[in-house]
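Heads up, the thing below is written out as structure tokens.
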Amino acid sequence: QVQLVESEGGLVQAGGSLRLSCAASGNIFSINDMSWYRQAPGNERELVAVLTFGGSPNYGDSVKGRFTISRDNAKNTAYLQMNSLKPEDTAVYYCNAHYSSRPRTGFIEVWGQGTLVTVSS
């Protein structure tokens, strides 16, 4: 079984920065991709950023130019650097990954527990 553990979010003023981390642990053979989603109250969960192993990052339109996703493959950890935060970035942020536990098997999806980021105006 694989778990994703996210770092604590927090309260940030508009214009500020915050970095989230997501560490994967457990029976991991390989991780195909790691991504961040977010869900604000009353809204659907939306993709923030995704990074595939060996690929280029992709971002949701609302965060392009402000957020950066990165990975430390040796540590099975993904990061989300959030700059120029806006009140509309307030949401619960979830880490997501697709991994395999054995070679030549399909990927399994796993979610983190979510962490709250609040941006004050």
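The values are calculated or read from the model by the stated rules, or taken from the named source; none is laboratory data. Since this is a predicted model, take the numbers as computed values, not measurements. Every residue, glycine among them, receives a Cβ derived from its backbone with ideal geometry; neighbour counts consider all protein chains shown. Quick note on the areas: whole protein, heavy atoms, side chains included, nothing else; ligands and nucleic acids left out. Shrake-Rupley method; radii C 1.70, N 1.55, O 1.52, S 1.80 Å.
Would you call residue 1 modelled with pLDDT of 95 or more and over 15 Å from residue 72 (Cβ atoms)? It is false that residue 1 is modelled with pLDDT of 95 or more and over 15 Å from residue 72 (Cβ atoms). Within segment 85-121, can you find the residues that are outside any strand (DSSP E or B) and touching a Leu at 6+ places or on another chain (Cβ under 6 Å)? Passing the criteria: only 112. A Cβ distance below 7 Å, combined with a sequence gap of six or more or placement on separate chains, defines the contacts here; from segment 21-35, residues that are open to solvent by less than 20 Å² (accessible area, probe 1.4 Å) and β-branched (Val, Ile, Thr) reach residues that are modelled with pLDDT of 95 or more and assigned to a strand (DSSP E or B) in the pairs 31/24; 31/97; 31/99. Restricted to segment 42-54, and to residues there that are touching a strand residue (DSSP E or B) at 6+ places or on another chain (Cβ under 8 Å) and surrounded by fewer than 14 Cβ atoms within 10 Å (Cβ to Cβ), the residue that is nearest to residue 100 (Cα to Cα) is 53. Looking at segment 81-88, is at least one residue over 19 Å from residue 16 (Cα atoms) and either touching a residue at least 12 places away in the same chain (Cβ under 8 Å) or not acidic (Asp, Glu) (or both)? No, segment 81-88 contains no residue that is over 19 Å from residue 16 (Cα atoms) and either touching a residue at least 12 places away in the same chain (Cβ under 8 Å) or not acidic (Asp, Glu) (or both). Kindly establish whether residue 116 is surrounded by fewer than 16 Cβ atoms within 10 Å (Cβ to Cβ) and either under 18 Å from residue 1 (Cα atoms) or in contact with a Gly (Cβ under 7 Å, 6 or more places away or on another chain) (or both). For residue 116, the condition - surrounded by fewer than 16 Cβ atoms within 10 Å (Cβ to Cβ) and either under 18 Å from residue 1 (Cα atoms) or in contact with a Gly (Cβ under 7 Å, 6 or more places away or on another chain) (or both) - is met.
Checked against (1) within 15 Å of residue 39 (Cα to Cα); (2) crowded, with 18+ Cβ neighbours inside 10 Å, residue 77 passes all but a single condition, namely (1).
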